[in-house]
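Below is one structure, written out as structure tokens; the observations come after it.
The values are calculated or read from the model by the stated rules, or taken from the named source; none is laboratory data. No experiment lies behind these values; they were computed from the predicted model shown. Cβ placement follows ideal geometry from the backbone for every residue including glycine, while neighbour counts extend to all protein chains displayed.
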Amino acid sequence: MKKGIIFDMDGTLWDSAANVAESWNLAIKQDGSVDKKLTEQDIQGVMGKTMDVIADILFPELEKEARMKLLDQCCSMENDYLREHGGVLYPKLEETLSALKEKYPLYIVSNCQSGYIEAFLDHYGFGKYFEDIECYGNNLRQKGDNIRLLADRNGLTEAVYVGDIQGDYDASCHAGVGFIHAAYGFGTIAADVPEIHTFEELTETADQYFALR
């Protein structure tokens, strides 16, 4: 039996909202099609949604073609900016990833654009901790489908998804995997599920979860 842990990104591994807002504002200024300045709170409010939905929410004043063009520019700027500047890691992240990797293969599935996960891995040198990644930007598939896709191609017979918002829990249900709520993140879950209040608690919680399977 192959057991694995699959992670969400935002609100689970890090909080990149401030630097995402900074990078998007640079792209918006360069593009010139809208006159607005996004805040960290604006970005936090759309974390976890697919990129097309984020564009609809943040740039409703633009026609779809212009909206998607600006989105592409923002995402490109964001990936470059985060690769250089990073974000805010949750406490004890690397130590906990290192400990978890001794017992379980680790993975990431996110609703982000292509290159976002890679920017995170490149900035911190975390590629050594993760076996595989998948995201909406690679194939335009919803998170639940991508969790299932990644689990299947890596031969996982038992998997748990670690995320922070209701959409993450819903995606785990769609994929047929377990769920652990990162309660320190951006959202709440309307279900009785295991939860962690700091990232380092995951070593014990994951062991407890898999011991029951």
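Go through the residues of region 172-187 one by one and say whether even a single one is over 19 Å from residue 209 (Cβ atoms) and buried (at least 17 other Cβ atoms within 10 Å of the Cβ). The answer is yes, given that some residue of region 172-187 is over 19 Å from residue 209 (Cβ atoms) and buried (at least 17 other Cβ atoms within 10 Å of the Cβ).
Scan region 25-52 for residues that are within 26 Å of residue 188 (Cβ to Cβ), at pLDDT 95 or above and not charged (D, E, K, R) and jot them down. First the steps, then the outcome.
So the first thing to find is which residues in region 25-52 are within 26 Å of residue 188 (Cβ to Cβ), and the list is 38-52.
Narrowing the set further to residues that are at pLDDT 95 or above leaves 38-43.
Those that are within 26 Å of residue 188 (Cβ to Cβ), at pLDDT 95 or above and not charged (D, E, K, R): 38, 39, 41, 43.
Of the residues 82, 70, 26, the single one that is farther than 28 Å from residue 180 by Cβ, in contact with a Ser or Thr (Cβ under 7 Å, 6 or more places away or on another chain) and touching a residue at least 12 places away in the same chain (Cβ under 8 Å) is 70. Looking at 38, 82, just one residue is in a loop (DSSP other than H, G, I, E, B) and not acidic (Asp, Glu), and that residue is 38.
Determine, yes or no, whether residue 170 is among the charged types (D, E, K, R) and either in contact with a Ser or Thr (Cβ under 8 Å, 6 or more places away or on another chain) or under 19 Å from residue 51 (Cβ atoms) (or both). Against the criterion (among the charged types (D, E, K, R) and either in contact with a Ser or Thr (Cβ under 8 Å, 6 or more places away or on another chain) or under 19 Å from residue 51 (Cβ atoms) (or both)), residue 170 qualifies. Of all residues in region 5-35, those being in a loop (DSSP other than H, G, I, E, B) and either among the hydrophobic types (A, V, I, L, M, F, W, C) or buried (at least 18 other Cβ atoms within 10 Å of the Cβ) (or both) number 7.
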